[in-house]
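First up is the structure itself, then whatever we jot down about it.
The values are calculated or read from the model by the stated rules, or taken from the named source; none is laboratory data. Remember, predicted model here, so these are calculated numbers, not experimental data. Methodologically, a virtual Cβ is constructed for each residue, glycine included, from the backbone with ideal geometry; neighbour enumeration extends over all protein chains shown.
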Amino acid sequence: MALQNINTYSYKDIFSLSTVSFETACVFNQPEQVDTYSIYWIKKGSGFYNIDFKRYEFKDNVLFFLSPGQVFNVVSESIKEAYKISFVKDFYCIQTHDKAVACNGVLFNNVYDTPYVKPCEKDTQKLSFILESLEEEFQKNEVAQYDMLQAYLKQFIILSVRILKELTPFKTDIETKLFKDFSLLVEQNFKKMHTVSEYAERLALSPKSLTKNFKRVGAESPSDFIKNRIVLEAKRQLIYTDVPVKEIAYNLGYNDAAYFTRFFTKAENKSPLQFRKEY
C-alpha cells in the first residue's frame, strides 16, 4: 500500500491498524520485504500488487494476507477505502493459536498460494463490525486493552479462514490436513530437506502415496512444491542481500554452488547472477 494519507493506530509497536480514505492513483515500484504479519483489506479500490514475484490484480473488497519474509510491492493502485492490520509474533502467535484458529498454512505462512479473499456482502458487514470495534478499542485506554485487541484480531482471522474455506474447499478434511501438514513441514525444513522421500517419511507415507494425494486435490506435485519454495527463498536472498551465490547455496543446503546454479537456472531460465542483475 502506498505510504501516504494513512491514519495509524498502534499498540506498543507490536500491533497496528491503518485506515486509508482517499482516491489517488499511486505507483510504488521498489519491492519491500514484509517484516510483520500483515492483512490488507482493499474495501473500495483497484490496482495491481506483486507478492513474491507474482502479480495480482484486484478490484474492490479483497483481502490479502502476508507473512514476514514475503516480497511485496505496489505496481499501481487507486484506493478510496482500505485497511491494513499488522502484528508481530509477540502480540499474536500464529503457531500457538493455530489449533483453534486454523490459519497457519492457510492464511499465513502460505507462500505457495497467496490468499486472495473476496468476502460476500454478509461477511463484509461482519468484518466491518470487527474493524470498527478494533478502531474504537485503539482509541480507549481501558484495562486489559491488550486482551481486547487480541480478541478482535482473532475474530477477524477466524472469519477470514471460514470465508477462504468456503471459496476454495478441498475434497475432504483428510486431504486438507495432509496438504497443510506437508506445506508447513516444507516451510520448516526446505533449507535442509530437498527430496519428496524425506517429507513422505516424516508424514508416515510413501512418496507415491503423497504424490497421489496431491493429484487428488489438484495441487502441484510434491517435488515441484519443494523446488518452488527453495527457488523463492533464493530469489528473496538475491534481491535483499549482497550475499554471494555460493553462500546463498550453502544457506539453502547445497554444498555444491555449481549444482545450485544449474538448479536455479533450470527453474528460472536465468542464472542467479542474471536474476540479481535484472530484477
* **Odd one out for Ala219 among (1) of a type in the set (Gly, Ala, Ser); (2) touching a Pro at 6+ places or on another chain (Cβ under 7 Å); (3) under 22 Å from Phe108 (Cβ atoms)** => (2)
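Just one of Ser21, Ser38, Ser46, Ser16 is of a type in the set (Gly, Ala, Ser), closer than 28 Å to Lys126 by Cα and at pLDDT below 90; which is it? Lay out the reasoning, then the answer.
Working: Ser38 fails: at pLDDT below 90; Ser46 fails: at pLDDT below 90; Ser16 fails: at pLDDT below 90.
None of the others qualify; the one that does is Ser21.
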